[in-house]
Amino acid sequence: MEALIESNLPLKRFKRGKVRDIYDLDDKLLIVSTDRISAFDSVLPNGIPRKGEALNRLSAFWFNQTEKIIPNHMIDVIDQRSMLVRKAEPIKIEFIVRGYLYGSAFRKYKQGKKISGIELPEGLKKAEKLPSSILTPTTKAEQGHDVEINRKQVARKIGNELTDEIEEACFKIYEKASRKALKNGILIADTKFEFGLCEGDLIQIDETLTPDSSRFWPLGKYELGKDQYSFDKQYLRDYLDNIGWNKEPPAPNLPDEVIAQTSKRYKECYERLTGKNL
């Protein structure tokens, strides 16, 4: 099956992101999830078949699950890979909830550094469940790499009240989604949320709890202290690490096997989390 690298609808283009093509419909936006994939803040030259469909439908699934915690921008799912949403003024910070110690957080921990100003207990192992979930915000860079910031820096940018509201929403969404995923045999190690203001009200925007914004680990393969099998981009990141890419553009071409295995993970992730076929 071919991958959709780029959409070209006869509509006013609002923005082309790393993965999504966004069209302007006056007070609304049409978001088309393509099969583009990014890693280490670079878009790869190859697309991943079915990826956009999995992202779009999984975001819709979670938006419906969590709308009572905080409203979101979704109006309707137009087709397998397209969503009609409300316009919002984005808060240019990414909010990452971590329930397990892994990835960049584990690397900083091993160096004895705090993570977003948070000091963790000694003696934790790789991929260990944290005593309690932590929030580790980052800047949202248009180009280049995002930069980790702490809670005080967030509050200086957006104010204490909004920071508190976002923090509460992040933990509640993560806890609800984690319980739901665990019933289906999946651990949510960490996940990224984005928010915006719509007519003065805080809402969730962009995507939510997808393999692009989260680490999903199958419970049956979880091993403390080890690298984890993931239904997300970690497989791709590991491949790029192993070939020695310096993480600067241009990104390398992907072999067919890596494309096929990545596509398989997105499909299986959607089906296991939702109980529906893609």
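What is the residue count in region 74-91 for residues that are surrounded by fewer than 21 Cβ atoms within 10 Å (Cβ to Cβ), in contact (Cβ under 8 Å) with a residue 12 or more places away in the chain and outside any loop (DSSP other than H, G, I, E, B)?
Residues flagged as surrounded by fewer than 21 Cβ atoms within 10 Å (Cβ to Cβ), in contact (Cβ under 8 Å) with a residue 12 or more places away in the chain and outside any loop (DSSP other than H, G, I, E, B) within region 74-91 amount to 8.
Just to be sure I understand the filter: pairs with C-beta atoms under 6 Å, separated by 6 or more residues or on different chains, first member in region 170-187 and at positive phi, second member in a helix (DSSP H, G or I). Which pairs pass?
Close Cβ pairs satisfying both conditions: G185/L219.
Can you tell which of P10, P45, P49, P71 is open to solvent by less than 30 Å² (accessible area, probe 1.4 Å), out of contact with any Pro (no Cβ under 7 Å at 6 or more places or on another chain) and at pLDDT 95 or above?
Residue meeting the stated conditions: P49.
Among the residues of region 201-232 satisfying the criterion of being surrounded by fewer than 19 Cβ atoms within 10 Å (Cβ to Cβ) and acidic (D, E), which is nearest to F95 (Cα to Cα)?
D201
With the condition kept exactly as written, say whether any residue in region 177-184 is over 23 Å from K108 (Cα atoms), among the charged types (D, E, K, R) and under 19 Å from the mean Cα position of the chain (by Cα).
Checked against the condition, which is being over 23 Å from K108 (Cα atoms), among the charged types (D, E, K, R) and under 19 Å from the mean Cα position of the chain (by Cα), region 177-184 yields at least one hit.
Would you confirm, using the coordinates I've provided, whether C198 is out of contact with any helix residue (DSSP H, G or I) (no Cβ under 8 Å at 6 or more places or on another chain), in contact (Cβ under 8 Å) with a residue 40 or more places away in the chain and buried (at least 23 other Cβ atoms within 10 Å of the Cβ)?
no
Quick check on my filter: what residues within region 234-270 are more than 18 Å from the chain's Cα centre (by Cα) and among the β-branched types (V, I, T)?
I243, V258, I259, listed by residue number.
Run P250 past the list (1) crowded, with 19+ Cβ neighbours inside 10 Å; (2) out of contact with any Lys or Arg (no Cβ under 8 Å at 6 or more places or on another chain); (3) over 24 Å from C170 (Cα atoms); (4) not aromatic (F, W, Y) and report the number of the one that doesn't hold.
Here P250 meets the rest and fails (1).
Would you confirm whether or not region 233-251 contains a residue that is of a type in the set (D, E, K, R) and farther than 20 Å from V43 by Cβ?
no
How about region 92-147: which of its residues are open to solvent by less than 40 Å² (accessible area, probe 1.4 Å), of a type outside the set (S, T, Y) and in a strand (DSSP E or B)?
I93, E94, F95, I96, V97, R98, G99, I115, L130, I134, L135, listed by residue number.
The values are calculated or read from the model by the stated rules, or taken from the named source; none is laboratory data. Worth saying up front: this structure is predicted, and the values here are computed from it rather than measured. Counting neighbours? That spans all protein chains shown, and the Cβs are built from the backbone with ideal geometry, glycine included. Surface accessibility is based on the protein's heavy atoms, side chains included, excluding ligands, DNA and RNA. Shrake-Rupley method; radii C 1.70, N 1.55, O 1.52, S 1.80 Å.
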